[in-house]
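Any read-out appearing in this document is the output of simple, stated calculations on the displayed coordinates, not a laboratory observation. Not measured: the values here are computed from a predicted model. A quick note on method: Cβ atoms are made from the backbone with ideal geometry, for glycine too, and the neighbour counts reach across all protein chains shown.
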Amino acid sequence: SRMRTTPKQTGLSILSVSADTFCVDPGRVNEIWPHVRGWLQAATEKCGDWTIDAIHDAVLSKEMLLWVRWDGTALRAATVTELMIVPRGKVCQIVVCGGEKVGSWQDAIAPLEKYASEQGCVAMRIHGRVAWTKIFPDYDLEWVALEKRLN
């Protein structure tokens, strides 16, 4: 069984984690959502249990966080994360992500990994297609989930 957990505030503001990847303030999600919905919806249609509307509701209710990748001129990607408590500890899970002209996905999610570590997570987990294993070779394939140990 798993339990969702609420992010704790750290010394680093969760609203601006790096120059390129940002956590969207839940109060401003609806301003950004129209620009990223298509990417996220395409990803939910390829795999996973989530619908785009359920993800949107979870982000608005602060159960999940919306992250965006900005290259200085345009949004390039969006990712949604949730923190979970599992028997072995807290895990930060990427629920869905998508984008275009992202550049390096590793660079795009590095701030999420840092955030997860600051939240006390023992692992970062990616649920998605097996093709993600080629993009994230430092993650281990576990029941068609990509996972990278943080601590």
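At a glance:
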| read-out | value |
| --- | --- |
| Proxy reagent accessibility, fewest Cβ within 10 Å first, across T81, T73 | T73, T81 |
| FRET efficiency for A110 and H35, using Cβ-Cβ distance with R0 set to 22 Å, rounded to 0.05 | 0.50 |
| Extension reserve of the D138-N151 stretch, reckoned as 0.36 nm per residue once the Cα distance is removed | 3.3 nm |
| Subset of K46/K90; K46/K134; K90/K114 violating a 24 Å alpha-carbon distance limit | K46/K90 |
| Residues T79, T51, T44 arranged by fewest to most Cβ contacts within 10 Å | T51, T44, T79 |
| Fewest-first sequence of R149, R69, R125 by Cβ atoms within 10 Å of each Cβ | R149, R125, R69 |
